[in-house]
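The values are calculated or read from the model by the stated rules, or taken from the named source; none is laboratory data. These figures come from a predicted structure and were not determined experimentally. All Cβ positions, even for glycine, are placed from backbone atoms using ideal geometry, and neighbour counts span all protein chains on display. Protein only, heavy atoms only, side chains kept; ligands, DNA and RNA dropped before computing areas. Shrake-Rupley method; radii C 1.70, N 1.55, O 1.52, S 1.80 Å.
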Amino acid sequence: MSILDQFLMKDEVTVVTGAGGGLGSELVKILAAAEATVVLVDQNIHPIQTLAENLQQQGGQATAYECDVTDPEAIQRLITTIDNDHGRLDVLVNSAGILGADNPMFEVQASDWDAVMNVNLKATWQVSTFVADYMIKNQTAGRIVNISSSLGGRSQLKRIHYATSKAGVEHLTRNMAMELVKSNIRVNCLAPGWLATPMVQDILNGPQGAHWRKAIPMGRAAEPEELTGSLLLLASKASSYMTGSVLRVDGGYAYRGIECDE
Ligand SMILES: NC(=O)c1ccc[n+]([C@@H]2O[C@H](COP(=O)([O-])OP(=O)(O)OC[C@H]3O[C@@H](n4cnc5c(N)ncnc54)[C@H](O)[C@@H]3O)[C@@H](O)[C@H]2O)c1
């Protein structure tokens, strides 16, 4: 195997939850470009069906399945379906996530807190647990990639429940990694920062744009393809000695220091 072949996932089945999302759909395209068979999972079937068809037309292997990742029975049915259709499952990328309402701590609704924790944290644990169980039964040297955020490593006003859920995802990663290491399943976490989606670009180009750009040490949002190297590293065999790691790809956003000379 050549050095670069380590990043390819030919014949490997990779599952991406939240595959219809702005970031989720980019992660799907990156895995498809690495020759993986991509299983797209989302609670909304239409966008992922269209994406899967587009990838198939380009010669890729992609199928779409509707599933609410907060529903344990639906996840079990999903894994049975994947087993019937593909007969294996090598990689799980937990990308389904919600932001919740933009509120200071005194105004966060308990129902919103629960919703954010359920999708971002509890479902990441639940889906990973069922998938890891399947991998262990099939003696798969599997990989799980959890998607956090730079807010998993720093605070941001009015994002208390989202940031807390993502910090939880990072610690969940470390704990799952230790539980699964003997089963030859590696668990790592990718923590992106600002991504150049239309919504983010509107903020960066809007009235508060200069303020936010200054908070990002690199001064700009990432283009989605700038996650290619980090995702392929964590999802592929190229990271064979990594487990429990959190990889931040955020232009330094989580670690910005105080500028004393300003
Ligand atoms: N987009 C960014 O700038 C950014 C930055 C850092 C981290 N992230 C994280 O990356 C991940 C993906 O972000 P995105 O940009 O794709 O978000 P998005 O809001 O565009 O998409 C999220 C997707 O998850 C799906 N989803 C939500 N709840 C679900 C459920 N219960 N069951 C199944 N699917 C469900 C939605 O239908 C949607 O397709 C999230 O975890 C997010 O927190 C995003």
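Looking at region 154-176, which of the residues that are polar (S, T, N, Q) and modelled with pLDDT under 95 is most open to solvent (accessible area, probe 1.4 Å)?
Narrowing region 154-176 to residues polar (S, T, N, Q): 155-156, 164-165, 173, 175.
When the remaining residues are screened for being modelled with pLDDT under 95, the result is 155-156.
Values: S155: 93, Q156: 41 Å².
The residue in question is S155.
Among the residues of region 135-157, is there at least one that is small (G, A, S) and either assigned to a helix (DSSP H, G or I) or in contact with a Pro (Cβ under 6 Å, 6 or more places away or on another chain) (or both)? Before you say what the answer is, go through the steps one by one.
So in region 135-157, the residues small (G, A, S) come out as 141-142, 148-150, 152-153, 155.
Subsequent filtering for residues that are either assigned to a helix (DSSP H, G or I) or in contact with a Pro (Cβ under 6 Å, 6 or more places away or on another chain) (or both) retains 150, 152.
Looking through region 135-157, at least one residue is small (G, A, S) and either assigned to a helix (DSSP H, G or I) or in contact with a Pro (Cβ under 6 Å, 6 or more places away or on another chain) (or both).
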- [ ] Name, by its number, the condition in (1) within 15 Å of the ligand (Cβ to nearest atom); (2) in a strand (DSSP E or B) that does not hold for T63.
- [x] (1)
Open item on the list: Restricting to region 149-179, count the residues that are out of contact with any strand residue (DSSP E or B) (no Cβ under 6 Å at 6 or more places or on another chain) and away from the ligand (no atom under 16 Å from the Cβ).
Closed with: 5
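Name the residue that is most open to solvent (accessible area, probe 1.4 Å), counting only residues in region 99-116 that are under 20 Å from G20 (Cα atoms) and either more than 14 Å from the ligand (Cβ to nearest atom) or without any contact (Cβ under 8 Å) to a residue 60 or more places away in the chain (or both).
Pass one, region 99-116, residues under 20 Å from G20 (Cα atoms): 99-100, 115-116.
After this cut, where a residue has to be either more than 14 Å from the ligand (Cβ to nearest atom) or without any contact (Cβ under 8 Å) to a residue 60 or more places away in the chain (or both) as well, the list is 115-116.
Working: A115: 38, V116: 0 Å².
Selected residue: A115.
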Task: region 211-239: number of residues that are among the small types (G, A, S), without any contact (Cβ under 8 Å) to a residue 60 or more places away in the chain and assigned to a loop (DSSP other than H, G, I, E, B) - done: 2
- [ ] Report whether or not L40 is in a helix (DSSP H, G or I) and of a type in the set (A, V, I, L, M).
- [x] no
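Table: residues versus (1) within 16 Å of the ligand (Cβ to nearest atom); (2) surrounded by 17 or more Cβ atoms within 10 Å (Cβ to Cβ); (3) at negative phi.
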residue: G22; (1), (2), (3): yes, no, yes
residue: E26; (1), (2), (3): yes, yes, yes
residue: L31; (1), (2), (3): yes, yes, yes
residue: T37; (1), (2), (3): no, yes, yes
residue: Q43; (1), (2), (3): yes, yes, yes
residue: H46; (1), (2), (3): yes, no, yes
residue: A52; (1), (2), (3): yes, yes, yes
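Yes/no per residue for (1) farther than 24 Å from S148 by Cβ; (2) open to solvent by 60 Å² or more (accessible area, probe 1.4 Å):
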residue: G60; (1), (2): yes, no
residue: A64; (1), (2): yes, no
residue: I75; (1), (2): no, no
residue: R88; (1), (2): yes, yes
residue: V119; (1), (2): no, no
